[in-house]
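A short reminder: the numbers here are calculations on the coordinates, not readings from a lab. Please read these numbers as outputs of a predicted model, since none were measured by experiment. Cβ atoms come from the backbone with ideal geometry, glycine included; neighbour counts cover every protein chain shown.
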Amino acid sequence: MTKRKLTEDEQLLQAYEAGEFRPVPLTKAEIRKWQEVARATLAKDQRVNVRMSSALLSGLKARAADEGLPYQTLIASVLHKFVTGRLVEQRDVSRAKRAKDLPHPARLQSERKSVRAGQRR
């Protein structure tokens, strides 16, 4: 029987469990620097109001509940990942199919216009 080659993750885990990693002490200046970076990154100093459909908000709340997060935290996280270039499009057939089942924004707009036109009569 031949031995299976370990993945890099498995090798790192084995090394960690064997005690091969040692903490690297940070200087006080480095600690202060990283504390300031964390404060600046985590500062919530602006309020934003966004209008969205109730279906979208319900979906966000459901997804946040699945993730165990408050929905506003999930929204902020998604926006942060988008701005920093870490939001990666994932091709998921079931999600793509569900997205196709949602009304198209242009269709919603035309429906709203026809409702408004009907209200003016």
#### Entry: Residues located in region 26-59, provided they are exposed (fewer than 10 other Cβ atoms within 10 Å of the Cβ), under 23 Å from the mean Cα position of the chain (by Cα) and assigned to a helix (DSSP H, G or I)
ARG39, ALA40, THR41, LEU42, SER54
### Message
Where the second residue is of a type in the set (A, V, I, L, M) and part of a helix (DSSP H, G or I) and the first is free of Cβ contacts under 8 Å to residues at least 12 places away in the same chain and lies in region 21-41, which pairs have Cβ atoms under 9 Å and are six or more apart or on separate chains?
### Response
PHE21/LEU12; PHE21/ALA15
